[in-house]
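The values are calculated or read from the model by the stated rules, or taken from the named source; none is laboratory data. Every value quoted in this text rests on a predicted model; they were computed, and no experiment measured them. So basically every Cβ, Gly included, is an ideal-geometry build from the backbone, and we count neighbours across all protein chains shown.
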Amino acid sequence: MRIALAQLNPTVGDFRANVDAMLRAARQAAERGAQVVAFPELSLPGYPPRDLVERGSFLDRNEAELERLARETAELDLSVICGYAGRADNPTGKRALNSAAILEGGQIVFRQHKTLLPTYDVFDEARYFRPAESIALFRLRGRPVALTICEDAWNDRNYWEQRLYQRDPVEELFTQGAEMLICINASPYSMGKREVRRRIYSAVAKRYAKPVLYVNQVGGNDQLVFDGSSFAMNARGEVIGSARSFAEDLIVVDLDANAGDQREDQAEEPEAVYQALVLGTRDYIHKCGFAKVLIGLSGGIDSSITAAIAVEAVGKENVMGVAMPGPFSSDHSVRDAKAMAEQLGIRFENIPITGPYERVLQELAPVFAGRKQDVTEENVQARLRGVTLMALSNKTGAMVLTTGNKSELAVGYCTLYGDMCGGLAVISDVPKTLVYTLSRIANRRLNSAIPESVFTKPPSAELRPDQKDSDSLPEYDVLDKILEAYVEHNYSSKVIASSLQLPLELVQDIVNKVDRNEYKRQQTAPGLKVTSKAFGIGRRFPIAQRYSE
């Protein structure tokens, strides 16, 4: 049997365009001699559709476009597997189903619904979907096939020490006599996840001594980036076909010949993070209807890497960098920002904020009388920069990209309505230490666009004389280890201090900063997820609360 795996980049709710892309891929698969083509989970409406599935009209469109896909592939000698949002017939419970359909000869010949509905991290499927009550095999081209949807294949008792679910749909289907597993997925990227997937599915293939085929969505939808990285494994758990990461692709695998297309390009993780950020930025901008972007260029490492990613995402002709020097900005900051903009080939504007800053302080002086200068005056500068960028955004129609990293966002080293202004927080899930690594990658790809001085200067917000980040925070290599332990692994202060051999008082101070600044993070722009636990839809803590480590 020759099976094509078509990893596509759908836009949520753009049914016609999504189905048109599936039709093109189906025809390509047929031309290449495939008998079956498999598309990802919820590929017809795009994933994740979230509250859209609560609209009856949305579910109706799913069914109508599914029927169109069946009609327009009728002339192809091809079985089509695709994911869609179905309507539950039951009088009680959720009205929607996360479903897969098999189309043959213009007809919908089989439907299978998702059994295991994840409700951890970024997933909230039990909120929307009703789980399948039963599962069954389908004879695909004469062979009994187990068709599962993403999480259904992530509960192998021989792989997980602690399983989340009682049922194992894969085990049930192989017990019924399945000769292969086809799993359609919308599995978002995070560092290390591509390797985890392969280990999981290799274990399944070896356990049942049957081939396993895995097709995954690709592209960015809101805060999630999907990497594709589809693959096919033989009965020994060996990869016999692989698709690209972070790009649409179609591979054909011949199970009888134990061979398939090999487009192996699984870069090392820092390079993969860079590719994920480029893809996620491009799709967020374009799928939201924008073409151009604005970035406040400070001459620092964070705005530099953001500008580099933007250039790769939407092209240098669509990126504007804006320097906004204030009373405490160093000469080298503007110089480095301009040099990088010239090297990248982007438009550069210099709009000083010193005059507006002095005028604001003058107007506030009577109200501030008798009070010492503090962070208030620093924040006025940051907010004037936010005002400037948003004014340019309104006038030009360009989206503002914020430049704060995960380390700053974690401890609140950022200003609401100032440097947090914008439509997308590109590196908000990138720790500061990783920012430097990604910047080296950017320089290899973009002809050393980021000046070397940007790498060597001490990080500074430049909001007061001789200010450095280390005045308020521990060195970033220490801070990032604490944050990873607390944010991504939920370790207590005592465990973190002991394992990292750090003073407990230091760790507690950082942990308290993280907890106190939840209100800021819930007002920031959406950011792209690349770590196992990002600030965003996958991390849900109350703002008004009094629990403390």
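Here are some notes:
- Hey, P91 touching a Leu at 6+ places or on another chain (Cβ under 9 Å) and of a type outside the set (G, A, S) or not: no
- Annotation: of all residues in the stretch 344-389 being surrounded by 16 or more Cβ atoms within 10 Å (Cβ to Cβ) and of a type in the set (K, R), the one that is farthest from N443 (Cα to Cα) is R383.
- The stretch 149-169 residues that are of a type in the set (G, A, S), paired with ones that are assigned to a helix (DSSP H, G or I) (beta carbon under 6 Å, 6 or more apart): A153/V170
- So D261, is it over 21 Å from F123 (Cβ atoms) and buried (at least 18 other Cβ atoms within 10 Å of the Cβ): yes
- In the stretch 47-66, the condition of being surrounded by 24 or more Cβ atoms within 10 Å (Cβ to Cβ), in the same structural domain as D256 (by TED's automatic domain parsing), under 23 Å from V253 (Cβ atoms) and touching a strand residue (DSSP E or B) at 6+ places or on another chain (Cβ under 6 Å) is met by no residue.
- Count of the stretch 331-343 residues which are surrounded by 16 or more Cβ atoms within 10 Å (Cβ to Cβ) and either more than 17 Å from G300 (Cβ to Cβ) or not polar (S, T, N, Q) (or both): 7
- Pairs, first in the same structural domain as A276 (by TED's automatic domain parsing) in the stretch 439-458, second in a loop (DSSP other than H, G, I, E, B) and crowded, with 19+ Cβ neighbours inside 10 Å, C-beta under 8 Å, six or more apart: S439/I450; A442/A449; A442/I450; N443/A449; N443/I450; V454/G299; V454/G300; K457/G300
- Taking each residue of the stretch 171-188 that is free of Cβ contacts under 8 Å to residues at least 40 places away in the same chain and surrounded by fewer than 24 Cβ atoms within 10 Å (Cβ to Cβ) and looking for partners that are of a type in the set (D, E, K, R) and not in a helix (DSSP H, G or I) with beta-carbon atoms closer than 7 Å, six or more apart or interchain, yields F174/K210; E179/R143; E179/K210.
- Residue in the stretch 437-447 that is at pLDDT 95 or above, part of a loop (DSSP other than H, G, I, E, B) and under 19 Å from Q223 (Cα atoms) present: no
- Qualifying residue in the stretch 176-188 (condition: out of contact with any Pro (no Cβ under 7 Å at 6 or more places or on another chain), among the polar types (S, T, N, Q), closer than 23 Å to T11 by Cβ and assigned by TED's automatic domain parsing to the domain that holds R32): yes
- Residue check: S79 meets all listed conditions (1) touching a Lys or Arg at 6+ places or on another chain (Cβ under 9 Å); (2) in contact (Cβ under 8 Å) with a residue 60 or more places away in the chain; (3) surrounded by fewer than 22 Cβ atoms within 10 Å (Cβ to Cβ); (4) over 13 Å from L42 (Cβ atoms) but one, namely (3).
- Residues that are among the polar types (S, T, N, Q) and touching a helix residue (DSSP H, G or I) at 6+ places or on another chain (Cβ under 7 Å), drawn from the stretch 91-134: N98, Q107, T115, T119
- Check on T403, on the phi < 0 side of the Ramachandran plot and either more than 22 Å from the chain's Cα centre (by Cα) or surrounded by fewer than 23 Cβ atoms within 10 Å (Cβ to Cβ) (or both): no
- V196 vs. criteria under 19 Å from I149 (Cα atoms), at pLDDT below 95 and under 21 Å from the mean Cα position of the chain (by Cα): yes
- On the stretch given as the stretch 338-363, residues that are within 20 Å of E378 (Cβ to Cβ) and in contact (Cβ under 8 Å) with a residue 12 or more places away in the chain total 9.
- Test: residue in the stretch 285-296 that is under 24 Å from A153 (Cβ atoms) and surrounded by fewer than 24 Cβ atoms within 10 Å (Cβ to Cβ): no
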